[in-house]
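Here the structure comes first, spelled out in structure tokens, and everything after it is commentary.
The values are calculated or read from the model by the stated rules, or taken from the named source; none is laboratory data. Values in this document were obtained by computation on a predicted structure and should not be read as measured data. Heads up, the Cβs are rebuilt from the backbone with ideal geometry, glycines too, and the neighbour counts pull from every protein chain shown. To get the accessible areas, we keep the full protein, side chains included, count just its heavy atoms, and leave off ligands, DNA and RNA. Shrake-Rupley method; radii C 1.70, N 1.55, O 1.52, S 1.80 Å.
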Amino acid sequence: MSHKILLTAREVDIILHRLACQLIEKHLDFSETVLIGIQPRGSFVARRIKQILESEYNVPQIKLGLLDITFFRDDFRRGDKPLEANKTEIDFIVENKKVIFIDDVLYTGRSIRSALTAIQSFGRPSEIELLVLIDRRFSRHLPIQPDYRGRQVDAINNEKVRVSWKENEGEDSVYIV
């Protein structure tokens, strides 16, 4: 299996900083904004963005939640093996808050559709935006587009985009496999 590197660790870091700056431009103080990482892979991006906002741009007290969408997916009963759910960690109400969904790769849009359904258990947001590290355009099954994107990738359907994080794979990188 061949893989081509799309982003090195340095490029991932630059993109995460750019995304953090775009969030600051739009949301300023984040008092009415919450970050929601979509489990499992969006949690890495969300934690990094939160860390950059707090430590490097001095944005205080950003609320971060992690949302499991496993049982909200329209395909969760279609596989041969049972799915393993992740843990939802949201200890705040999203009622009338600006929610920013964060994920690593936007592909068909089905995960985001599931997240839109799942978040309703925590209240009704005033607004929902989407931030993704990688946008695989031309692959959508649903009319969902990111508000903030790190890199746009044109990958043909049999190619996969694999994002590695130093927290669990030992390196920050993005590959086409």
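Side notes on the structure shown:
- Shown in residue order for region 60-68 are the 3J(HN,Hα) couplings computed by the Karplus curve 6.51 cos²θ - 1.76 cosθ + 1.60 at θ = phi - 60°: x, 6, 7, 7, 10, x, 10, 10, 8 Hz (x for Gly and Pro).
- DSSP-defined antiparallel bridges as percent of all bridges, the chain, nearest 5: 25 percent
- Measuring nothing but how far apart in sequence close Cα pairs (under 8 Å, 6+ apart) lie, relative to its length, the chain scores a relative contact order of 26 percent.
- Taking amide H as placed 1.01 Å from N in the peptide plane, the amide H of GLN152 sits under 5 Å from that of ASP135, each at least 5 places away or on another chain.
- With contacts taken as Cα pairs under 8 Å and at least 6 residues apart, region 1-81 reaches a relative contact order of 29 percent.
- The distance between label points at VAL177 and HIS17 comes to 2.9 nm (points 7 Å beyond Cα on the Cα→Cβ vector).
- Residues LEU64, LEU130 ordered from highest to lowest accessible area at a 1.4 Å probe: LEU64, LEU130.
- Estimated vicinal HN-Hα couplings, Hz - region 25-35 in sequence order (Karplus 6.51, -1.76, 1.60; Gly, Pro = x): 4, 8, 10, 6, 9, 6, 5, 10, 10, 10, 9
- Looking at region 92-146, the GluC sites (Glu not before Pro) that sit in a DSSP loop and have at most 13 other Cβ atoms within 10 Å of their own Cβ are GLU95.
- When nucleic acids and ligands are ignored and a 1.4 Å probe is applied, ASP91 ends up with an accessible area of around 140 Å².
- CD proxy at 222 nm, helix term only [per DSSP H run n ≥ 4: -39500 (n - 2.57); per residue of the chain; nearest 500]: -8000 deg cm²/dmol
- For region 107-144, the list of chymotrypsin sites (Phe, Trp or Tyr not before Pro) that fall in a loop by DSSP and count at most 12 other C-beta atoms within 10 angstrom reads PHE138.
- Centroid-to-centroid separation of region 78-150 and region 18-57 [C-alpha atoms, Å]: 14 Å
- Partner lysines whose Cα lies under 30 Å from the Cα of LYS63, excluding those fewer than 8 positions away in the same chain, are identified as LYS26, LYS50, LYS87, LYS97, LYS98, LYS166.
- Correct option for Rg and Dmax of the Cα atoms in Å [calculated from the coordinates] among (i) 17.3, 60; (ii) 20.1, 78; (iii) 15.8, 47: (iii)
- Check: the chain dipole with +1 on Lys, Arg Cβ and -1 on Asp, Glu Cβ, in debye: 500 debye
- For SER126, distant residues with modelled amide H under 5 Å away: ASN96, LYS97, LYS98, VAL99
- Across region 14-24, rounded Karplus estimates of 3J(HN,Hα) from the backbone phi angles (6.51 cos²θ - 1.76 cosθ + 1.60, θ = phi - 60°) give 4, 5, 4, 5, 5, 4, 4, 5, 5, 5, 4 Hz, Gly and Pro being marked x.
- Apportionment of accessible area to carbon and sulfur, region 57-162, percent (1.4 Å): 46 percent
- Exposure ranking of ARG110, ARG162 by accessible area [1.4 Å probe, largest first]: ARG162, ARG110
- Label-point gap, in nm, between ALA85 and ILE24 - each point 7 angstrom along Cα→Cβ: 3.8 nm
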